[in-house]
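The values are calculated or read from the model by the stated rules, or taken from the named source; none is laboratory data. Being a predicted model, the structure only gives us computed values, none of them experimental. Here Cβ is always computed from backbone atoms with ideal geometry, including for glycine, and neighbour counts include all displayed protein chains. Protein only, heavy atoms only, side chains kept; ligands, DNA and RNA dropped before computing areas. Shrake-Rupley method; radii C 1.70, N 1.55, O 1.52, S 1.80 Å.
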Amino acid sequence: KEHAQLDMLRRSSAAVARQTVRGATQTTTSSAAVTMSSIACAVPVSTAMARAHASRLASSLATSSSSCSSAPATRGFASSAANGAQAVVVDVDDEDIARTLPEFHACAGLNAEFDFVRNETIVREEPKPPRGATPSSGDAAVKSKAKDASAALKKRLLVRGVDSALEEAMSSNTTRRIDVRGSRGTGKSVALARAVMSARARGAVVAYVPDGLELTRLSYFSKSASDAGIWDTPDCAMRFLKHVANSVNESVLSAIDVPEISMKELEAATTKKKAIKKTKGKDGGSDAGAASNASSKVDLFKYATIASTEPTLAIDCAIHVIQALTTLAKTSDTKVFFVIDQYNALYGPSDMFEVTGPRSKKNIPAQNLRFVRALTQAIESSTLPDAKHVSVTAACETIGVSNANTAKSRPDASNSVVTVVDCPKYSIDEVDAILREYKRVGLLYKNIDEKTVEGMKALTNGNPRELQTV
């Protein structure tokens, strides 16, 4: 009943907001117009948030009309304190991405959002030569100019209600397991990437896997010597270590010693090629340096960095890193997060097969991979009473995992330490905001009026990916 009342409140407030925007001056910037026209776009995840949203909405209606035409541009990533539940398009600085998201190039969803505007801008700026004409140097110059102009575009993203809800859940002292849910193409991957940036900006340690499917694909595999029926996948473990052993986590991981291993053991475990290259030194100075380094201590960052390129060390090192991070959360005040996108892939099949006969083979489930099993155990253990780390996951519906296995990957929503964050499709106000952004960069030439927004919402059902296609 409360949700129905809140839905009626959103509809009525959106109508008032659109009337206010139409009455404002025609020179109002798109960011300011979107700020006014999307006051009630957030979808609450609890009754308490619904009540807070209603009170915030009432105060926003009273003050936004006077500041609509002079609202400054918003910068940075999503913040519930700065942006509330408003659908605004913000700048995302390259420096912020480099500092808080070294895994940026592996974030397919986030790259797709940025590349859409850039690629479409190049297509529209390129000249169309007459039929049968050969390209000239002038055409090449115009094309190069178009690419330069596209590259100069700032990276911008739509701030949504799910960003604030996810940030609030990760900042809570009682929530230790967060499950982001939503249909295909609604922006779950983008929301996770922004949450990782925000958490790292606050000083948290984040083990972020932007593509859970890569932990079950494209790896050499062999039977584990320690566990019967379990398989080792060193390439998958090396991908995980490259995500964790980055510049953002270096200071924290370097402070954790690994007494179980020494530099001498690391040197002995390297490949034969490196060992042969080392013995071909011109003098004995390098051997003396190696002897001094053999007795030095090994920290977790150095261990993970070396193991990320050494298959013989990768599996044991990756499991050690997972255990060390969960222990760090218990023994210090440092916030530790495990953020896994496409988490349901870890409960589905892998692309590896065990030979069972001359003409037969069977698939190896992802849960029979030693590293994957250790990672999922750490994720699921975050709900235990003595756990202090926080796990954030999202499932993908288009990676070939059955509904039954996807259900296994999801936590029990009735648990008091579990929070489910819904990532809905675009609301009418978010469609309005993104269309105005596309018009600002020159992708649209038609005026964005109420009829156009409502038509695009009905045509795409608010799906961001379909909206880009149309």
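Taking other residues whose beta carbon is less than 13 angstrom from the beta carbon of ARG99, and scoring Lys, Arg as +1 and Asp, Glu as -1, yields -4.
Shape analysis of region 356-470 based on the Cα gyration tensor places the equivalent ellipsoid semi-axes at 41, 22, 12 Å, largest first.
At q = 0.14, 0.23, 0.29 Å⁻¹ the log10 of I(q)/I(0) for region 428-468 amounts to -0.25, -0.69, -1.07, computed by Debye summation with a single uniform scatterer per C-alpha, solvent ignored.
Computed extension length for VAL470-ALA404: 20.5 nm, one decimal, from 0.36 nm per residue of separation with the Cα-Cα distance subtracted.
Cross-link reach is defined here as a Cα-Cα straight distance under 12 Å, omitting same-chain residues fewer than 8 places apart; for LYS408 the aspartates and glutamates meeting it are GLU380. Extension gain, GLU454 to LYS223: 0.36 nm times the residue separation minus the Cα-Cα distance gives 77.5 nm. For region 428-468, the relative contact order works out to 41 percent when only alpha carbon pairs closer than 8 Å and six or more residues apart are counted. With a cut-off of 10 Å between beta carbons, the residues surrounding GLY182 carry a summed charge of +2, where Lys and Arg count +1 and Asp and Glu -1. In the assembled protein chains, GLU120 presents an accessible area of approximately 60 Å² (probe radius 1.4 Å).
Which pairs, out of LYS223/LYS388; LYS154/LYS242; LYS425/LYS457; LYS425/LYS451, put more than 21 Å between their alpha-carbon atoms? Beyond 21 Å between Cα atoms: LYS223/LYS388; LYS154/LYS242. For region 344-386, what class follows from the C-alpha gyration tensor (a ≥ b ≥ c being the square roots of its eigenvalues): rounded when a/c is under 1.5, otherwise prolate if a/b is larger than b/c, else oblate? Prolate. Seen from PHE240, the other residues with C-beta closer than 15 Å to its C-beta sum to a net charge of -3, counting Lys and Arg as +1 and Asp and Glu as -1. Projected label points at THR309 and GLU168, each 7 Å from Cα along the beta carbon direction, are separated by 4.6 nanometres.
Roughly speaking, what is the centre-to-centre gap between region 224-240 and region 345-413 when only Cα atoms are used, to the nearest Å? The two parts, judged by their Cα centres, are 14 Å apart.
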